[in-house]
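Working notes for the structure below.
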Amino acid sequence: MLNNQTKQKIKELWSTYESYNEYENIDKKRIDAIEDIKKIINSFIIGKSNVYDFKTSLDGYNKRNNLWGFTAVKGQMFFNQIVNSYNDNIDELTELLKTIITEPKDLNDALQRITKLENELQDGYNDAPDKRKVPKPSSIGYFLSYFWQIHNPEKWAILFTSMITAFKEIGIWNEKETQKEIYNQFYLLNEEIKAYLIKQTSAPINNWDIEHCFWDLYLKKNNISQNTTIHTNKESQSSAKAIEKVDVDLIKASFNIEDYLIPKISNLIQLGEDDTKSSAERGSLFEKNVAEVFKLLDFEVKEYGQGTGRNADAILRFREENIAFIVDAKAYVNGYDLGIDDRAIREYINNYSPILAKDGYKRIGFIIVSNSFKSDLDTFINDITWSTDVKRFMLLTSNALLHLLAYKTRYNIPLSQIIENIIKLGSVISEKEIIGIFEDI
């Protein structure tokens, strides 16, 4: 599949990658993580844990150790959708998963497993009135190959979207219809590239080396900077190498989020830091734009804000799952700190929680939106979630909110999945966390 021209491109890519390979640390972390993940998988395979425990354990581990991007759309979100779609036949799903996530005997066996899952999901996807709520068959290749690599990283390469994008860029990828055809082509190309580079370099080269090498091309293709911080000395350069690849390189989305934002709200960040306006004017405009973004996320939004007395800026409702959030938008130029807002926040909670509970909203949260936060407010948040009806308190940056909307628009993500994912994050949510959840790499 490789001709002389593409071989030369691959050789050049490898030479560039080899000159500054910064991925040794993630590979070491992966080796350790594999042993932990194997235990989670084996516990499920031998029946010590059910599919719900398996899903939850895997989710928790990967959120703490995001080394393969499994927290994103084609990994954990896909897994959640599969489980939801089999709620009435969970034993059937359990047996199915046990037969397809163990290591295949060979490529032919792997392709048969992909076909088996694709056949299971395709009709349901085709017939679904809302395709956002059902598992997409296009995620199968990544999902299964992730498990296979955990079993045997030397044998199985993961079908990353970034790899396919890079293969297209150098002209070695042909579009295919089914996941079986896609993974077959990907696997054979990956093996051919490895063999070629081993012959050229006389060095041991594995699947992770190829992944990292082509990841660099993917970053350039999507105009993503390899280094997110300018380092001025050797010590800082060395420490930069110790940061995990997924956490660093996914600081930026793989697409221009402005392509998915309407002009009305795209300047949210600029509004929040516009010191040419009075604090009252800046605050009012910021609050209105924050409310508009939440409307575009499909919340039912009741705006209050300035001029309405001692009220929160907005109340978000999601009746389908009886979830509501109290929202306070803060247009602070130099970053938000709690200050004297402690009493006001408690007052909002005490005023609105009984009303929302009476209306049938069983889960109530509080969101502060600001461009940045001077502290994580952990002590205050712990007290609020312990002593009030609010059980989830989030500090959401403006940039994170815009990223959330961009991912929803790009991938048609339903509001239920957005809420399900963001409530699992820490108290301070930046665009990095949103990208880590939703980026399809």
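The values are calculated or read from the model by the stated rules, or taken from the named source; none is laboratory data. A quick note: this is a predicted structure, and the numbers were derived from the prediction, not measured. No Cβ is skipped: glycine too gets one built from the backbone with ideal geometry, and neighbour counts run over all protein chains shown. Ligands, DNA and RNA are stripped out before the accessible areas are found, and what is left, the full protein with its side chains, is counted by its heavy atoms. Shrake-Rupley method; radii C 1.70, N 1.55, O 1.52, S 1.80 Å.
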If we scan the stretch 383-405, do we find a residue that is open to solvent by 40 Å² or more (accessible area, probe 1.4 Å), assigned to a helix (DSSP H, G or I) and aliphatic (A, V, I, L, M)? no
Of the residues in the stretch 343-382, how many are open to solvent by 20 Å² or more (accessible area, probe 1.4 Å), of a type in the set (Gly, Ala, Ser) and within 21 Å of Glu420 (Cα to Cα)? 2
Within the stretch 195-215, the residues that are open to solvent by less than 30 Å² (accessible area, probe 1.4 Å) and assigned to a helix (DSSP H, G or I) are Leu197, Asn207, Trp208, Asp209, Ile210, Glu211, His212, Cys213, Phe214, Trp215
For the stretch 73-120, give me each residue that is among the charged types (D, E, K, R) and closer than 15 Å to Asp53 by Cβ. Asp91, Lys98
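State which residue is nearest to Asn206 (Cα to Cα) when the search covers only the stretch 21-61 and only residues that are open to solvent by 70 Å² or more (accessible area, probe 1.4 Å) and not in a helix (DSSP H, G or I). Spell out the reasoning first.
Of the residues in the stretch 21-61, the ones open to solvent by 70 Å² or more (accessible area, probe 1.4 Å) are 24, 28-29, 31-32, 35, 39, 42, 46, 48, 50, 52-53, 56.
Now narrow it down to the ones that are not in a helix (DSSP H, G or I): 46, 48, 50.
Numbers: Ile46: 30, Lys48: 33, Asn50: 34 Å.
The residue in question is Ile46.
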Could you tell me whether the stretch 18-31 includes any residue that is at pLDDT 90 or above, among the small types (Gly, Ala, Ser) and out of contact with any Asp or Glu (no Cβ under 9 Å at 6 or more places or on another chain)? no
Exactly one condition in (1) within 19 Å of Asp328 (Cβ to Cβ); (2) touching a Leu at 6+ places or on another chain (Cβ under 8 Å) is false for Ile423; which is it? (2)
Report every pair of residues separated by at least 6 positions or lying on different chains whose Cβ atoms are under 6 Å apart, first residue within the stretch 322-346 and modelled with pLDDT of 85 or more, second of a type in the set (Gly, Ala, Ser) and assigned to a helix (DSSP H, G or I). Ala331/Gly272; Ala331/Gly283
Quick test for you: out of Gln8, Gln81, pick the one residue that is more than 21 Å from the chain's Cα centre (by Cα) and more than 18 Å from Ile150 (Cβ to Cβ). Gln8
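In the stretch 91-186, which helices (runs of 4 or more DSSP H) lie fully inside it and hold 1 or more residues that are more than 25 Å from the chain's Cα centre (by Cα) and at negative phi? I'd like the intermediate steps shown before the answer.
On the way: elements: 107-127, 140-151, 161-169.
Output list reads 107-127.
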Within the bounds of the stretch 66-81, is there any residue that is basic (Lys, Arg), within 25 Å of Ser139 (Cα to Cα) and not in a helix (DSSP H, G or I)? no
On the given criteria, is Asn84 at pLDDT 95 or above, loosely packed, with under 15 Cβ neighbours inside 10 Å and in a helix (DSSP H, G or I)? no
Cβ-Cβ under 9 Å pairs, at least 6 apart or on other chains, the stretch 272-298 side farther than 15 Å from Leu405 by Cβ, far side open to solvent by 80 Å² or more (accessible area, probe 1.4 Å) and in a helix (DSSP H, G or I): Asp274/Glu281
